[in-house]
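Take a look at the structure below.
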Amino acid sequence: MIQAARAAGIGSLPGADTPTEIVSAWRHRPSTVEVFPASGLGPGYLADIAAPLPHIPLVPTGGVRAEDSAAYHDAGAPAVGASR
């Protein structure tokens, strides 16, 4: 699916949870990698993952509240998938 999206000029956002899954997803060259579920892991987890993987844009989703967006941004997220 990632390759099809890239061929069509569309961004893709495969989901991952662990650093191994994130790196595996990134090898297929998506636009970004979704870190799910982020609410149970928190901004600190995202910061810990982003530190050794600064070349991979990580977008936290899953239970992220709009009021937590700044904390995820400070942790390195270029965007968040927020819910009410």
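Read-outs: derived from the displayed coordinates by stated rules, not from any lab. As the structure is a prediction and not an experimental result, all values here were calculated from the model. Positions of Cβ are backbone-derived with ideal geometry, glycine not excepted, and every protein chain shown enters the neighbour counts.
Give me the extension gain from residue 3 to residue 48: residue separation times 0.36 nm, minus the current Cα-Cα distance, reported in nm with one decimal.
Stretched out fully, the residue 3 to residue 48 stretch lengthens by 13.4 nm.
Please compute the modelled spin-label separation between residue 73 and residue 28, points set 7 Å along Cα→Cβ, answer in nm with one decimal.
3.0 nm
Determine, for 35, 64, the number of other Cβ atoms within 10 Å of each Cβ, and report the residues in order from fewest to most.
64, 35
Counting DSSP beta bridges with both partners in the chain, what percentage is antiparallel, nearest 5?
0 percent
Under the Karplus relation 6.51 cos²θ - 1.76 cosθ + 1.60, θ = phi - 60°, what is the ordered set of whole-Hz ³J(HN,Hα) values for region 7-22, x standing for Gly and Pro?
With coefficients 6.51, -1.76 and 1.60, one gets 4, 8, x, 10, x, 10, 9, x, x, 8, 10, 9, x, 4, 5, 4 Hz.
Can you compute the modelled spin-label distance between residue 65 and residue 20, with each label point 7 Å from Cα toward Cβ, in nm?
Inter-label distance under the simple model: 3.4 nm.
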